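Okay, structure first, notes after.
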Amino acid sequence: MSVARINGGGIGYGGDYNPEQWPRQVWDEDVDLMARAGVTFVTLGVFSWSWIETADGVYEFDWLDDAMDLLHEHGIAVDLATATATPPPWLSHAHPEVLPVDVEGRTRWPGSRQAWCPNSPVFAAKAVRLAGEMARRYADHPALAMWHISNEYACHNLPCYCDRCAAAFRRWLHERYGGLDALNDAWGTAFWSQRYTDLEQVLPPRLTTTIPNPTHVLDYRRFSSDSLLALYRAEAAAVREHSPDIPITTNFMTMRHFDHLDYHRWAQHVDVVSTDHYIVNTWPHPRAELAFSADLVRGIAGGAPWILMEHSTSAVNWQPTNPAKALGQTLRDSLAQVARGADTVGFFQWRQSRAGAEKYHSAMVPHAGPDSARFREVCELGDLLGRLKEIAGSRVAADVAILFDTQARWAAEGPAMPNSALAYLDTPEAVHRALRSRGVTADVVHPGSDLSGYRVLIVPTLYTVQPAHAEAVAAAAAAGAHVLVTFFSGIADPDDHVLLGGYPGAFRELLGVRVEEFFPLLPGETVAVTGPGDAAGTGRSWSEDVTVPRDSLDGPLAGVVATYTDGPLAGRPAITRRELPGGGVAWYLSTLPDDATLRDLLAEVLAGAGVPA
């Protein structure tokens, strides 16, 4: 379905609009200012449940009718939310059983937002009913251009560990495994006497005495993501019943610290992928993280244009200290997202709130009003986006792909790992940053994507891997692609069972290497390596005892490109390279190098594949 109406035929521009926070006379000023700024759309109704359904089954739509009419009169399209993100006080008061429960068994009470259990039948029924009422009323309204289901799923209420979730988890497990024998095998319950003899014995992975079962934890993350997806799909179905021709989305959250949902599974259920992204100043490379996130969203969208639903004009309100953006950074951050595939640029929010938890979150119209440098920058951005109309609908082309899998991340960051200080994203972000420094565009794609068009594939810390995905990587290499696999990839199957016979199990034959033991490094510890071309470098976070098996006729299966030069692995291979019969090359990187060494290595990989850098 087309989202052209949101974008006004070019690059869309706008943000969340909350007219219920303001007297009616302010609305008229708002639409005039929107015209000045070049706004093409607003998202309406995200947190409006208590203003729309004032009591159970009692609806007051008059104010929303007025807002929809006013926006249409001024040529502004509406992305209309189902208003279900946060239930009103009357709902949780009448039905406290809808409230979520944390890992320690404590109820999370209302008074903030998103205080609902993902598996509450009462909440689901009320939310689906409201979504249907919204669609029934506004399906034919001329301002309506897109539906926005709920908001930022899992931002605050996942995982929930209540008894309702426990029962739903058992149903999910029954559908996944069919019986207890398969469940016990997948979870490895022969260890620590965890064997289940009745499905009713299974609980969520609540607070326990020591390390929980890793596959139990992994499956609960899968279940939790699927639970919210089912709720989203129920709301979407209620909307489509009355409004089948209007595109539907929900805003993902593709930021470094957010890992609750498997967006590759979710993407097939939205008509257009949209996401929220905010700069976190405490991260070491915040703008590089923005670039990685945008390329990841493009991968989730299958290369199609996508929507930046929310970002900030300046400071946010939820960090310990919330620095303002320097003038010019709003333009820079927005255009960086457009350059990486966004056809729509949105902010939270249009007018900065006077009260409430987000009153110090920046907005398009700040507390200082339109006579301010920030609003002038907002208008400048609107003018720039208006002049970029001709690139709307275009796609980003890339010769390089970085493989990324949320479920591999969940497993790699599970309990009792060799190095808990190593985050899954450390390696793919370092690789992406090094490529970006050389001006090389990379897609960030799921391992199940079509890999055949890429000249270079990078497989960073893909801890768990499905056999079909490992075979696809090998097939791409056999067809001539140059593949770089990093440490802690191909180690376990999707149940988090180690692939035996030596690491990296799933990629061992492709790479022509065998690792007998990991040597993870302590925080701050480094190990010296010879970089490509005998340059001196260092590795951090990880090292391992790499051996290169010999073919009985042709000698070593792979060549040694760099070695460790100190520590217990001195003289052992750190980087290897294997030439394949079809013209492809398989590289193995057994540590996380310093930035210069990583850039040099990638330069060799790219040059060999004929990718300009």
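The values are calculated or read from the model by the stated rules, or taken from the named source; none is laboratory data. Note that the structure is predicted; figures quoted are calculated from it, not measured. Note that we place each Cβ from the backbone using ideal geometry, even for glycine, and neighbour counts take in every protein chain shown.
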> Among the residues of segment 167-193 satisfying the criterion of being among the small types (Gly, Ala, Ser) and surrounded by fewer than 19 Cβ atoms within 10 Å (Cβ to Cβ), which is farthest from the chain's Cα centre (by Cα)?
Replying inline: Ser193
> Condition test on Leu462, is it assigned by TED's automatic domain parsing to the domain that holds Thr591, surrounded by 23 or more Cβ atoms within 10 Å (Cβ to Cβ) and part of a loop (DSSP other than H, G, I, E, B)?
Replying inline: yes
> Can you tell which of Arg129, Arg164 is among the charged types (D, E, K, R) and buried (at least 19 other Cβ atoms within 10 Å of the Cβ)?
Replying inline: Arg164
>> Take Gly524 and tell me if it is at positive phi and not hydroxyl-bearing (Ser, Thr, Tyr).
In response: yes
> Of Gly539, Gly533, Gly524, Gly571, which residue is touching a residue at least 60 places away in the same chain (Cβ under 8 Å) and either outside any helix (DSSP H, G or I) or more than 20 Å from Glu429 (Cα to Cα) (or both)?
Replying inline: Gly533
> Among the residues of segment 109-121, is any within 22 Å of Trp172 (Cβ to Cβ), out of contact with any Leu (no Cβ under 8 Å at 6 or more places or on another chain) and in a strand (DSSP E or B)?
Replying inline: no
> Out of all the residues in segment 451-477, which are more than 21 Å from the chain's Cα centre (by Cα) and either more than 24 Å from Ser541 (Cβ to Cβ) or free of Cβ contacts under 8 Å to residues at least 24 places away in the same chain (or both)?
Replying inline: Ser452, Gly453, Tyr454, Arg455, Pro467, Ala468, Glu471, Ala472, Ala474, Ala475, Ala476, Ala477
> Right, Gly480: assigned by TED's automatic domain parsing to the domain that holds Pro428, more than 25 Å from Ala423 (Cα to Cα), touching a residue at least 60 places away in the same chain (Cβ under 8 Å) and part of a loop (DSSP other than H, G, I, E, B) or not?
Replying inline: yes
>> Let me confirm something: among Ala412, Ala373, Ala342, Ala421, which residue is touching a residue at least 40 places away in the same chain (Cβ under 8 Å), farther than 24 Å from Ser2 by Cβ and buried (at least 17 other Cβ atoms within 10 Å of the Cβ)?
In response: Ala412
> Among the listed residues Leu553, Leu598, Leu592, Leu557, which satisfies the condition of being at pLDDT below 95 and surrounded by 13 or more Cβ atoms within 10 Å (Cβ to Cβ)?
Replying inline: Leu557
> Which ranges mark the helices (runs of 4 or more DSSP H) fully within segment 1-56 that have 1 or more residues being over 12 Å from Thr344 (Cβ atoms) and in contact with a Lys or Arg (Cβ under 7 Å, 6 or more places away or on another chain)?
Replying inline: 24-37
>> Filter segment 20-63 down to the residues that are surrounded by 15 or more Cβ atoms within 10 Å (Cβ to Cβ), of a type in the set (A, V, I, L, M, F, W, C) and free of Cβ contacts under 8 Å to residues at least 60 places away in the same chain and list them by number.
In response: Trp27, Val31, Leu44, Trp51, Trp63
> What's the number of the condition Thr344 fails, among (1) of a type in the set (Ser, Thr, Tyr); (2) in a strand (DSSP E or B); (3) closer than 30 Å to Asp595 by Cβ?
Replying inline: (3)
>> I'm trying to understand the selection: among the residues of segment 310-321, which are in contact with a His (Cβ under 8 Å, 6 or more places away or on another chain) and surrounded by 15 or more Cβ atoms within 10 Å (Cβ to Cβ)?
In response: Glu310, His311, Ser312, Ala315, Val316
